[in-house]
Amino acid sequence: MANLEDCVHCGLCLSACPTYQVTGLEVESPRGRLVLLSQWREQAAARDSETRGWLDDCLDCRACEAVCPAHIPTGHLVEAWRSQDAPEARPARALIRLLGLFLGSPRGLSWFRRLARMSQTRWGDWLIRRMARWLPPGAPAVKAGLPTLSAAGVSRRDLSGDGTSAEIFFFVGCVMDALYADTNRHAAELLRMAGYRLSIPQDQRCCGAVHRHSGSPEAARHWAKTNILLFEHSEARYVAVDAAGCGAALKEYASLFPPDSPWYARAQRFEDAVRDVVELLAESLPPLAPQSDRAITVHDPCHHVHAQGIAQETRALLHRAGYTLAEMRESTLCCGSAGIYNLTHPEKSQALLQRKLAEIPDGAAFVAAANPGCLLHMQSGLSAQGGTQAVHPIDLAWQAYHDAGLGTPGSVTL
């Protein structure tokens, strides 16, 4: 709980904080939460359910950290509090345990995709309605945002590496691997088009972001060791990732280990190698002439823009692919997905989603978002409206290069 006293209550965080924007409550702001954390640490009487709720409402979007002149890591402090505050009593704990059964192994991810695909059938829809009382209240909205899933399996099953001397360890993720498998396939093709050789270990594991943000860092630490070992064995120069949340988690692996641990230095070397795919492609793909009159706008995922400082790279890639962009107001404000926040805090999550959707420029055919949670959440709202789609910028770029006759024909047409 270090750094709590460094806050000077300047208020710069207020306009950046999504929960403060929704509620207008000081206790739902970053500086308010720092006061609550200090009281929680020092006063047993402050440890009540109301205070716990205000603290747990934090989306961990890191927007406050990006604007704080004192560089107080509020999101990290809330994560630490979650891991210490009777984690077995937290509502998210059981959900995290369940997700761990699916996210923790390639076989689990294959079942995760099968179940998601089954939910899109008439029988699956009936079953979900019958089980509604036992499901998280935000589950129906998440289902509405699912992409149309084909019979093809997870992406790692049909992505193969390029042998020795690979420059890139391609991190396929878990939700990306299972639900956005085509995006991973497109990313691999574009990276090869840009001249990179890929290593794609089949035994790589989840980045651990959802577990860590929810106060369960043990699984993240275990999976980090596996991913670090595979990276070292690959002898690749970069770790390439196409999910903003995964990229931010991978770039913080060293903080999972104490500085005197032999894993600390190894995790630092891993961190230093992590690059988002849009960063690698923004300057390496051949530029295309403008070829589409369909308007595109960009939503900046929190763990892109705030945690990693990635924003212009996404736009540069789309410009290079020949698209014309219409900027979205408040493009950096959280959409309300935030890992499993849309399942555990559906009301606030939906309030942020509606605010986000209202800012989409008129006539935009696509909203580009480089994070699976954002794609699921925004598409759940867009599907009810019709017209605009939430699409990963990698898919948009792949489509443009495919239409220009470059690359290999694929299975998805936008």
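Tabulated data for the structure shown
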read-out	value
Subset of region 267-321 [at pLDDT 95 or above and among the basic types (Lys, Arg)]	269, 275, 315
Options 289, 282, 370: the member that is in contact (Cβ under 8 Å) with a residue 60 or more places away in the chain, under 23 Å from residue 402 (Cβ atoms) and not charged (D, E, K, R)	370
Some residue of region 89-108 being in a helix (DSSP H, G or I), charged (D, E, K, R) and crowded, with 20+ Cβ neighbours inside 10 Å	no
Residue within region 249-256 that is buried (at least 24 other Cβ atoms within 10 Å of the Cβ), assigned to a loop (DSSP other than H, G, I, E, B) and touching a Gly at 6+ places or on another chain (Cβ under 9 Å) present	no
Where a residue in region 151-169 is of a type outside the set (D, E, K, R) and its partner, wherever it lies, is assigned to a loop (DSSP other than H, G, I, E, B) and surrounded by 12 or more Cβ atoms within 10 Å (Cβ to Cβ), with Cβ under 6 Å and at least six apart	155/172; 159/200; 161/200; 166/197; 166/236; 168/196; 168/236; 169/236
Any hit, region 208-227, residues being assigned to a helix (DSSP H, G or I) and in contact with a strand residue (DSSP E or B) (Cβ under 6 Å, 6 or more places away or on another chain)	no
Some residue of region 44-66 being in contact with a helix residue (DSSP H, G or I) (Cβ under 9 Å, 6 or more places away or on another chain), basic (Lys, Arg) and touching a residue at least 60 places away in the same chain (Cβ under 8 Å)	yes
Residue satisfying condition, being under 21 Å from residue 396 (Cβ atoms), under 17 Å from the mean Cα position of the chain (by Cα) and either crowded, with 24+ Cβ neighbours inside 10 Å or modelled with pLDDT of 95 or more (or both), within set 208, 173	173
Residue count for region 167-190, restricted to those that are out of contact with any Phe, Trp or Tyr (no Cβ under 7 Å at 6 or more places or on another chain) and part of a helix (DSSP H, G or I)	10
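Conditions (1) more than 30 Å from residue 332 (Cβ to Cβ); (2) aromatic (Phe, Trp, Tyr); (3) touching a Cys at 6+ places or on another chain (Cβ under 8 Å), marked per residue:
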position: 143; (1), (2), (3): no, no, no
position: 156; (1), (2), (3): yes, no, no
position: 161; (1), (2), (3): yes, no, no
position: 167; (1), (2), (3): yes, no, no
position: 172; (1), (2), (3): no, no, no
position: 206; (1), (2), (3): no, no, yes
position: 210; (1), (2), (3): no, no, no
position: 227; (1), (2), (3): no, no, yes
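So that you can scan it fast, the table gives a plain yes or no per residue for (1) basic (Lys, Arg); (2) part of a loop (DSSP other than H, G, I, E, B); (3) out of contact with any Leu (no Cβ under 8 Å at 6 or more places or on another chain); (4) not assigned by TED's automatic domain parsing to the domain that holds residue 61:
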position	(1), (2), (3), (4)
283	no, yes, yes, yes
304	no, no, yes, yes
307	no, yes, yes, yes
323	no, yes, no, yes
378	no, no, no, yes
382	no, no, no, yes
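The values are calculated or read from the model by the stated rules, or taken from the named source; none is laboratory data. Please read all numbers here as calculations on a predicted model, not as lab measurements. Neighbour counts run over all protein chains shown; Cβ positions are idealised from the backbone, glycine included.
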